[in-house]
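Peer 1: Encoded as structure tokens, here's the structure I'll be asking about.
Computed from the coordinates by the stated procedures, all read-outs in this text should not be read as laboratory data. Just so you know, these numbers come straight off a predicted model, no measurement behind them. Note that we place each Cβ from the backbone using ideal geometry, even for glycine, and neighbour counts take in every protein chain shown.
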Amino acid sequence: MSDVLELAGVSLVRGGKTLLDGIDWQVREGERWVVMGPNGAGKTTLLQLAGARLHPTSGVVGILDEVMGAVDVFELRPRIGLASAALAAQVPEQETVLNVVVTASYGVTGRWREEYERLDERRALRLLDTWGVSRFMNRPFGSLSEGERKRVQIARALMADPELLLLDEPFAGLDLAGREDLVRRLSALARDEDAAAMVLVTHHLEEVPPGFTHAMLLREGAVVSAGPIEEVLTEEHLGAAFDLEVGLTRENGRYRAVARQ
Ligand SMILES: Nc1ncnc2c1ncn2[C@@H]1O[C@H](COP(=O)(O)OP(=O)(O)OP(=O)(O)O)[C@@H](O)[C@H]1O
Ligand SMILES: [Mg+2]
């Protein structure tokens, strides 16, 4: 089995601050990772490295059998689906929902543009339908609610049929029904054997979709614990990551965490 991500001794320093400190991490095909940790722990920074958006200050970042620094990132990026608030903020308000998704395939379909356009549109529509937002296809992206935007972003991230899917806080701003709906959809995706390897950054244990296989806990740029999800998501490890006495329960594959009083 080949490595989707292979980080060895990766550190990232910015503005004199060490954002990531000696990270070793392997993600293999078929694995579904959840990354958790306090605000400022370095989760988004880690995802940007994994998405070939940032270079490490030291160490080696391997992505889809390519090594950062020795590969054209513009060839690598279309193989990675990324959904994040930063990316969504770059979408012009007036861009239609269909276009937001279709344009994710530009650059990978090459010179037969016109022939591909219709195929691309059909694929984009199918993805919008899968994620329950096809009725918004002609609406400006800026007019959608937070939850609707989240689903459009995931459809966009899947448009180029990526080998690696990176989701940075897709649950942020969702109501209870929206959260539960997204948990269910991500759980189905996680259980699809043919789906890309996934890394999901999230803040709440309740948002961990059943079917996710691995977890990483980050604190101050360093790994507290990483590996199979049942071994990592424990009261002890969560307590160490969040500096809090944590009470953890698990029922039907769903986690729930509260502070011990
Ligand atoms: N250019 C920079 N210079 C200095 N510090 C930076 C820079 N960019 C990010 N940081 C800091 O790096 C730390 C990690 O940021 P990051 O966005 O990766 O955290 P996070 O774990 O995603 O947090 P959150 O849960 O709040 O999204 C933060 O303390 C942030 O302020
Ligand atoms: Mg973040």
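Peer 1: Kindly provide the Kirkwood hydrodynamic radius of the stretch 173-261 in Å, to one decimal, from all pairs of distinct alpha carbon atoms.
Peer 2: 13.9 Å
Peer 1: As an exercise, identify the GluC sites (Glu not before Pro) in the stretch 55-95 lying in DSSP coil whose Cβ has no more than 12 other Cβ atoms within 10 Å.
Peer 2: E93
Peer 1: A follow-up question, please. Using the Cα centre of the stretch 1-132 as the reference point, and only Cβ charges (+1 on K/R, -1 on D/E), how large is the resulting charge dipole? Debye, rounded to the nearest 20. Could the numbers behind the result be given before it?
Peer 2: Working: 14 positive and 18 negative charges, 58 e Å.
With only Lys, Arg, Asp and Glu charged at Cβ, the dipole is about 280 debye.
Peer 1: Also: Based only on other Cβ atoms within 10 Å, what is the fewest-to-most ordering of V102, V201?
Peer 2: By the 10 Å Cβ count, ascending, the order reads V102, V201.
Peer 1: Can you sort V246, V71 by how many other beta carbons sit within 10 Å, fewest first?
Peer 2: Ordered from fewest to most neighbouring Cβ atoms within 10 Å, V246, V71 come out as V71, V246.
Peer 1: Next up: Where the eigenvalues come from the Cα gyration tensor of the stretch 1-128, what are the semi-axes √(5λ) of the equivalent ellipsoid, largest first, in whole Å?
Peer 2: Ellipsoid semi-axes (Å, largest first): 30, 18, 14.
Peer 1: Compute from the Cα atoms of the chain the Rg and the Dmax, the latter being the longest Cα-Cα distance, and quote both in angstrom.
Peer 2: So, for the chain, Rg and Dmax equal 18.3, 62 Å respectively.
Peer 1: Could you give the length gained on full extension between V73 and E117, defined as 0.36 nm per residue of separation minus the Cα-Cα distance, in nm?
Peer 2: 13.4 nm
Peer 1: Would you order H214, H237, H204 from fewest to most other beta-carbon atoms within 10 Å of each residue's own beta-carbon? Numbers along the way, then the final one.
Peer 2: Numbers: H214 23, H237 20, H204 13.
Ranking H214, H237, H204 by Cβ neighbours within 10 Å, fewest first, gives H204, H237, H214.
Peer 1: How charged is the neighbourhood of R139? Take every other residue with its Cβ under 12 Å from the Cβ of R139, and add Lys/Arg as +1 and Asp/Glu as -1.
Peer 2: Values: positive: R135, R149; negative: E93, E95, E148.
After counting each charged neighbour, the total is -1.
Peer 1: Using just the Cα positions, wrap the stretch 76-213 in a convex hull and report its mean projected area in square nanometres, one decimal place.
Peer 2: Details: hull surface 32.9 nm².
Over every viewing direction, the Cα hull of the stretch 76-213 projects on average to 8.2 nm².
Peer 1: Compute the distribution of all C-alpha to C-alpha distances in the stretch 17-89, in bins of 5 Å from 0, and list the percent of pairs in each, rounded to whole numbers.
Peer 2: Result returned by the calculation: 3, 13, 25, 27, 22, 10, 1.
Peer 1: Tell me the net charge near D21. Cut-off is 13 Å between Cβ atoms, D21 excluded, with +1 for each Lys or Arg and -1 for each Asp or Glu. Walk me through the numbers before you get to the answer.
Peer 2: On the way: positive: R14, K17, R219; negative: D24, E220.
Here the count lands on +1.
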